[in-house]
1. Being part of a helix (DSSP H, G or I) and over 19 Å from the mean Cα position of the chain (by Cα) is the filter here; which residues of the range 111-141 pass it?
2. Does residue 73 satisfy the criteria of being in contact (Cβ under 8 Å) with a residue 12 or more places away in the chain and not in a helix (DSSP H, G or I)?
3. Any residue in the range 145-158 that's within 19 Å of residue 178 (Cβ to Cβ): show its pairings with residues that are modelled with pLDDT of 95 or more and outside any helix (DSSP H, G or I) at Cβ separation under 8 Å, as long as the two are six or more apart or on different chains.
């Protein structure tokens, strides 16, 4: 009987690990599922797979700052949350409705939901993060940076470093290169977002620090050698861009 339970647990864990890879969730989930077998897989199922539901998407979380438009979709969840807001007006309901709009990339609809949630509960970090992403999605990069600055002050590692990465992106897109360099440096010192390495190097190049930019691009490529296949595929674009930059500057790697 115990052997059967263990076998079922292993099959379930492998299924959740495969789901994690497909969604491009943070690799720490795989570690948790293996180390905390089988509790880790159960936790992943309820906290990620079920929670994401129909709106699930690969996390790979620099993509959280995508600005592609999407048509609004009225769902049972949005209708239910609107009804709850009319009845109770809780900050949690506003935040959840904002997240649903964010999933639809309806940033103009998401922004007031997150703003209202923060007015009702100034300590709701999820709403602050959602507001920053909504403003970014609308191209209001300076405003988004101000919101994310507050979030990063509270928690520098929020969302596995994606908040400070988003802050660096907002600074860059707003033309605030000094702040962008500082933020990108914090990201690459603590996390391994290849897009951050790439744009940090490009900003250095813009400042006339060609040799340092080349060294950063070489470091990006060198770091890619030890990546697992699924991670390598995810970062391939930035690796190729780093090679292009080096070739353009007369550097050929073996």
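1. 112, 113, 115, 116, 117, 118, 119, 120
2. Considered against the rule, which asks whether it is in contact (Cβ under 8 Å) with a residue 12 or more places away in the chain and not in a helix (DSSP H, G or I), residue 73 comes out as yes.
3. As it stands, the answer is 145/174; 145/176, since those pairs meet every condition given.
The values are calculated or read from the model by the stated rules, or taken from the named source; none is laboratory data. Note that the structure is a prediction, hence the values are computed from the model and not measured. Neighbour counts run over all protein chains shown; Cβ positions are idealised from the backbone, glycine included.
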